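The values are calculated or read from the model by the stated rules, or taken from the named source; none is laboratory data. This is a predicted model, so every value here is computed, not measured. Virtual Cβ from ideal backbone geometry, glycine too; neighbours counted across all protein chains shown. We work out accessible area using only protein heavy atoms, side chains counted, and drop any ligands, DNA or RNA first. Shrake-Rupley method; radii C 1.70, N 1.55, O 1.52, S 1.80 Å.
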Amino acid sequence: MDNGINRVEDGWDIRSMRGIGIGEMIIGSVLRLHTGSNRIEVHSPAELTADHEVVPVHASARINLDRLPQLLDQVVAEVHAADSGSLRVRFTHGWRLDVPFSSSAFGWIIGLRGSYFISSLPGGGVSMPDRPKA
């Protein structure tokens, strides 16, 4: 079964999220971006690149949260989970959300169709299940 994930040279391309707009955003202790039945959770500090300006964002530390709602309705061009444990979300309008790997915690989690989870590992790396969960 095709799960919308491709292995590429330096990680994983989550192509099932391409072309879908951010339909819902929840900012609490983590940042949650929903694209249909898929979601991205950002648990650690990240960087938002917007209009040639890079700003740090972090939900639980309450850093630059006023910038995040601008991602609502933006269309995802690329989601790339690198083998190092970093995550890159690029949007069609040129903005980018980068989540580096966290040395002490899960930095991010991607949920596909509500049951298939990919995540960064504390200290680097990616946890990739062998197959979708039922």
**Item:** Computed accessible area, Asp10, all protein chains, 1.4 angstrom probe, square angstrom
**Value:** 80
**Dipole axis of the chain (+1 Lys, Arg; -1 Asp, Glu on Cβ), positive-most option in Ser44, Pro129, Phe101** = Pro129
**Prompt:** His43's amide H: which non-local residues (gap 5+, or another chain) put their own amide H closer than 5 Å, with H modeled 1.01 Å from N in plane and none for Pro or chain starts?
**Reply:** Trp108, Ile109
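Where Lys and Arg each count +1 and Asp and Glu each count -1, what net charge lies around Gly28 among other residues with Cβ under 11 Å from its Cβ?
So the environment of Gly28 carries a net charge of +1.
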**Fill in**
The Cα extents of segment 88-131 along the principal axes, largest first and rounded to whole Å, are 32, 28, 13
**Cleavage-rule hits, trypsin sites (Lys or Arg not before Pro), segment 7-83, DSSP coil, Cβ neighbours within 10 Å at most 15** = Arg62
**Fill in**
Taking placed amide H atoms and a strict 5 Å upper bound, the residues 5 or more places from Asn3 or on another chain that come that close are none
**Prompt:** Given a 1.4 Å probe, how much area per residue of segment 16-134 is accessible, in Å²?
**Reply:** 47
**Full-stretch length increase - Leu121, Val8 - with 0.36 nm per residue and alpha-carbon distance subtracted** = 38.8 nm
**Asked** Per residue and in Å³, how big is the convex hull formed by the alpha-carbon atoms of segment 58-100?
**Response** 75
**Request:** Summarise the accessible area of segment 16-113 (1.4 Å probe, protein heavy atoms) by the percent that is carbon and sulfur.
**Result:** 51
**Item:** Charge sum, other residues only, whose C-beta stays under 12 Å from Arg90's C-beta, Lys/Arg counted +1 and Asp/Glu -1
**Value:** 0
